[in-house]
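The values are calculated or read from the model by the stated rules, or taken from the named source; none is laboratory data. Not measured: the values here are computed from a predicted model. With ideal geometry, Cβ positions are generated from the backbone for all residues, glycine too; neighbour counts draw on all protein chains shown.
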C-alpha cells in the first residue's frame, strides 16, 4: 500500500494516540483535510511499510541505490550526506559562497572545512559553478574525503557533473551535489544533466520548481554508503505523513505522461516567449530560470520596472540582471504576460 492510499483508508479504531486531534478536530478549517490525514505510527495505520514502498518506488524512478524523502528541505539532506561521508578531522571542500547548510554540515561532522571559490561573471552579476579543471586542481592539492558542489546555481547555471564525478572517483573523493534547484532535470532531456545518477549523494528540493510544498525534498544515494543512520540523528521521530505522501504524489506526477507533458509544454512556452523578447538578453543553462538583462538598466532598476509597471515580481535580482523563476505550476497565461516586456 502506498502512502497516498494509506491516508485514504478509513480507520474504525478509537485512537488514544498522537496526534491528539485524532484527525477530527481542526483548528484551522482551511486545513481540515490535512488534520484528517495527520497520522502517527500506530498499529491502526502502520505507515512505515508504506513509506518504504514509496521510497523504493522513487529509487526505481531515479535509478538510485536509495532515495529518501525529506520534510526539512535539502538542508537536512546535505547534513545527512556529510555526516555519512565524513568523520572528525576529514577534509571537506565547500564553496565559500554556498548555502549555509554546507558549512554547518561540516561543523556537525567535525570535518576540516576547506573553502574554495568559483568564477564570478561580472557581466551578469552571478557566480559560475565549479569547473572540472578547477576541481581537479583542488583535489590534487587537498585530497579531501568529500566535496560539496552547487549545480545548478540559483540562477540556473549547471556544472559538468558527469566529468566532475569521474574526477572525484579517480581521487576517491565523495561527491555531494546540491541540486536543490534542479529537481526537474531527471524528467526532461531539454534540461541540464542531473547529478542523481553520477554523484555519491544528490539533494533536490521538490518545493522550488517541481511543484512540491515547502519544504519537501529528496536525498539520493548512488554509492555503497547508507545515509539512514545519519538521517535518524537529525530527523524528527514524528514525521508528517501527509507531507511525506505529497512527496510520493509529486514524484508519481513528474514521472507520469501528464507530468512530463506539462514540463515539456513549460519548456516550449518559455522558448517561444524568449524568441519574441529580442530586446532582452538571456543567460543560463536551465531555461526554467529566466535570467534577463536589459542594456541601460541595472538589475535593480529592471526589477523595480517589472514590479511597478508590469505587475511582475522576480525571484532574485543583482546589480546587473534579474531572474524570473518558473516551474511545474507556471501557466502559459502567466508566461504570456512577459510579452509586454517587448515595450521596455
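A single member of 273, 247 is outside the structural domain of residue 184 (by TED's automatic domain parsing), touching a helix residue (DSSP H, G or I) at 6+ places or on another chain (Cβ under 9 Å) and in a helix (DSSP H, G or I), and it is 273. Against the conditions (1) at pLDDT below 75; (2) buried (at least 16 other Cβ atoms within 10 Å of the Cβ), residue 38 satisfies every one except (1).
Here is a yes/no grid of residues against (1) surrounded by 16 or more Cβ atoms within 10 Å (Cβ to Cβ); (2) touching a residue at least 24 places away in the same chain (Cβ under 8 Å); (3) within 26 Å of residue 151 (Cα to Cα); (4) not assigned by TED's automatic domain parsing to the domain that holds residue 268:
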| position | (1), (2), (3), (4) |
| --- | --- |
| 295 | no, no, no, no |
| 301 | no, no, no, no |
| 310 | no, yes, no, no |
| 323 | yes, yes, yes, no |
| 332 | no, yes, no, no |
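Do we have residue 84 as outside the structural domain of residue 318 (by TED's automatic domain parsing) and assigned to a helix (DSSP H, G or I) here? So that I can check it myself, show each step before the final result.
Values: outside the structural domain of residue 318 (by TED's automatic domain parsing): yes; assigned to a helix (DSSP H, G or I): yes.
Yes; evaluated as a whole, the condition is true for this residue.
Working only within the stretch 312-321, note down all residues that are touching a residue at least 60 places away in the same chain (Cβ under 8 Å) and either touching a strand residue (DSSP E or B) at 6+ places or on another chain (Cβ under 9 Å) or surrounded by 14 or more Cβ atoms within 10 Å (Cβ to Cβ) (or both). Of everything in the stretch 312-321, those that are touching a residue at least 60 places away in the same chain (Cβ under 8 Å) and either touching a strand residue (DSSP E or B) at 6+ places or on another chain (Cβ under 9 Å) or surrounded by 14 or more Cβ atoms within 10 Å (Cβ to Cβ) (or both) turn out to be 316, 318, 320, 321. When the residues of the stretch 212-221 are narrowed to those that are crowded, with 22+ Cβ neighbours inside 10 Å and more than 8 Å from the chain's Cα centre (by Cα), which ends up nearest to residue 251 (Cα to Cα)? Filtering the stretch 212-221 for residues that are crowded, with 22+ Cβ neighbours inside 10 Å and more than 8 Å from the chain's Cα centre (by Cα), the one nearest to residue 251 (Cα to Cα) comes out as 212.
Looking at residue 294, is it over 16 Å from residue 329 (Cβ atoms) and in contact with a helix residue (DSSP H, G or I) (Cβ under 9 Å, 6 or more places away or on another chain)? Steps first, answer last, please.
Numbers: over 16 Å from residue 329 (Cβ atoms): yes; in contact with a helix residue (DSSP H, G or I) (Cβ under 9 Å, 6 or more places away or on another chain): yes.
So residue 294 fits the description; yes.
Of all residues in the stretch 96-125, those satisfying the criterion of being within 15 Å of residue 74 (Cβ to Cβ) and touching a strand residue (DSSP E or B) at 6+ places or on another chain (Cβ under 9 Å) are 98, 99, 101, 102, 103, 105. Selection over the stretch 253-270 of residues that are more than 24 Å from residue 153 (Cβ to Cβ), in contact with a helix residue (DSSP H, G or I) (Cβ under 8 Å, 6 or more places away or on another chain) and part of a helix (DSSP H, G or I) gives a count of 4.
Just to be sure before I move on: is residue 192 outside any helix (DSSP H, G or I), in contact with a strand residue (DSSP E or B) (Cβ under 9 Å, 6 or more places away or on another chain), in the same structural domain as residue 38 (by TED's automatic domain parsing) and more than 24 Å from residue 103 (Cα to Cα) in the structure I sent?
Details: outside any helix (DSSP H, G or I): yes; in contact with a strand residue (DSSP E or B) (Cβ under 9 Å, 6 or more places away or on another chain): no; in the same structural domain as residue 38 (by TED's automatic domain parsing): yes; more than 24 Å from residue 103 (Cα to Cα): yes.
No, not satisfied.
Among the residues that make up the stretch 258-274, is at least one of them surrounded by fewer than 20 Cβ atoms within 10 Å (Cβ to Cβ), over 30 Å from residue 170 (Cα atoms) and touching a strand residue (DSSP E or B) at 6+ places or on another chain (Cβ under 7 Å)? Yes, the conditions are met somewhere in the stretch 258-274.
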